[in-house]
Amino acid sequence: MKNVIRLALMLFVALGVWTAATTVDVSAPAEGLKVGDTAPDFQLKNIDGKMYSLESIAKEYKKEGKELKGYIVTFTCNTCPFAVKYEDRLIATHKKMAEKGWPIVAIQPNDPEVQPGDSMEKMQERAEEKGFPFVYLMDEGQKVYPQYGASRTPHIYLLTADRKVHYIGALDDNANNPDAVETEYVVEAIKAIEAGKKADPDFTRAIGCTIKTKK
Amino acid sequence: MRCTTNISLFVLLVLLFTACGGASNSEVDSATDASEESQTVSMQAEEPAFDVPFPVWSEAEELMELFEQNNDSTYVINFWATWCKPCVKELPYLEQLNEELKDEKVRVILVSLDFDTDLEKKVKPFVKERQLKSDVIAFINGDYNSWIGEVEEAWDGAIPATIIYNQKDRKFISGELDSYEALKATVREMMTAS
């Protein structure tokens, strides 16, 4: 009799453990940068084979006698349809804003072993095809995007030259149709900062692809 | 001593018995519930602009109603798109859940976030080829920031994303579902809690 009870008890405990183990993880919002934080710098390889950091980009501006005011750090990739939809607009935004001191710094955060279309070679091909005027860096080892808290592509962090975060979110309010865009969030945020005001909105949500990692 | 063990065994048996009894009762109720609800969903959804066999919504209010259902069903609402690889990978889990729990108070709703230009040429054949049995709704409001936070404060827009809710509980799963078993366990747990 005792044995039966023990068995029943063990069964109950085992059942409890099993349920707990198989229950889906409910993810809390990812830790990462918030508006007002100071973003970390990084050293990442560009499609031209050279290493870049935010500091080195600022130095380039200085060398050319220009003033760097901030960075449009953009986590993006080759393979996400949303990222592809934004390519032309990223190019246009860079062409318009880089000369005003606000270059786009594109970082590809996917693990190319999980997403072969995002390998360095494919990044080079895509950049060549589209004529990316901005750096397109590989987040080798996927160490940078978690520090920023990026969770999808595309995902933008607008920083001033002191690496302070002023805006996090999408480039504009319509991913699907550039003609239907009513607010260019990033451009508006830059205008606000230059006028000495706070970006409004300083945070937007947008649909995008999850960043691909090994499980 | 002998007496105590006997009582424990009795309690155990009663527990097991009532648990089974409860389940079979609710099966009957939910069958009727489910059919009524699926009618409501498809009726309010008609949009003639697209030649597709599923509702196409563009108003955030319509979408929000999915999250405000006041009944004893458990809703499993999954945001996906045909272009999203991990979404397509996990659709079979949701379909299996829909199939296995079809006689219970569970509603599985697959909200496609495909671009409106892809509804006829991509989503329609996809739904047909995969023979999706769960309710499919296409939501084509591209002003994402206006509604993502309304759906779920903790969601920043990466898909897949899944929300499971009933009157007692609500869970948000960001990113891929771990497995069919994990999904089912979560839904089961929430059904028991309610």
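Throughout, read-outs are computed from the coordinates displayed, never taken from laboratory work. Please read these numbers as outputs of a predicted model, since none were measured by experiment. Methodologically, a virtual Cβ is constructed for each residue, glycine included, from the backbone with ideal geometry; neighbour enumeration extends over all protein chains shown.
Pop the C-beta distance of A:Thr183 and B:Lys102 into the FRET formula with R0 = 45 Å and round what comes out to the nearest 0.05. Show your work: numbers first, answer last.
On the way: r = 44 Å, r/R0 = 0.97.
E(calc), rounded to 0.05, equals 0.55.
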task = Report P(r) for region B:73-194: all Cα-Cα distances, bin width 10 Å, range 0 to the bin holding the largest distance, values in whole percent.
result = 13, 47, 34, 7, 0
message = Order these by the 10 Å Cβ neighbour count, fewest first: A:Trp102, B:Trp147.
response = B:Trp147, A:Trp102
message = Using a 10 Å cut-off around each Cβ of peptide A:207-214, what is the average number of partner chain Cβ atoms that fall inside?
response = 6
task = Answer with one residue from A:Ala92, A:Val114, A:His166: the one whose Cα lies farthest towards the positive end of the charge dipole of region A:79-215, charges on Cβ with Lys, Arg +1 and Asp, Glu -1.
result = A:His166
Fewest-first ranking of A:Ser119, A:Ser53, using other Cβ atoms within 10 Å as the exposure measure = A:Ser53, A:Ser119
ask   = How far is helix A:54-63 tilted, in degrees, relative to the longest principal axis of the Cα atoms in chain A, given as a value from 0 to 90 rounded to the nearest 10?
value = 0 degrees
inquiry  = Explain nothing, just the number: relative contact order of region A:96-193, from Cα pairs under 8 Å at least 6 residues apart, as a whole percent.
reply    = 18 percent
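Neighbour counts of other C-beta atoms within 10 Å: give me B:Ser58, A:Ser151 arranged from fewest to most. Show your work: numbers first, answer last.
Details: B:Ser58 15, A:Ser151 24.
Least crowded to most crowded, the residues run B:Ser58, A:Ser151.
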query = Relative to a virtual label point 7 Å from the Cα of A:Gln142 in the Cα→beta-carbon direction, which members of region B:172-194 show backbone nitrogen distances below 16 Å?
reply = B:174-178
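Quick one, what does Rg over Rh come out to for chain A if you take C-alpha atoms and the Kirkwood Rh? Working shown, then result.
Numbers: Rg = 21.6 Å, Rh = 18.8 Å.
With Rg and the Kirkwood Rh in hand, the quotient comes to 1.15.
On a full-extension model of 0.36 nm per residue, what is the gain between A:Thr38 and A:Asp162, subtracting their alpha-carbon distance, rounded to one decimal in nm? Don't skip to the answer; put the middle values down first.
Details: separation 124, 0.36 × 124 = 44.64 nm, distance 0.77 nm.
Net length gain for the segment: 43.9 nm.
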message = I'd like the mean, over residues of B:139-146, of how many other protein chain beta carbons sit within 10 Å of each residue's own Cβ.
response = 6
remark   = Rounded to a whole number, the mean other protein chain Cβ count within 10 angstrom for residues of B:109-121 is 1
ask   = Distance in nm between label sites at A:Glu194 and A:Ala92, each 7 Å beyond Cα in the beta-carbon direction?
value = 1.8 nm
inquiry  = Taking the Cα centroid of region A:118-162 and of region A:69-85, what is the distance between the two, rounded to the nearest whole Å?
reply    = 6 Å
remark   = Expressed as a whole-number percentage, the relative contact order of chain A with C-alpha contacts under 8 angstrom and at least six residues apart is 24 percent
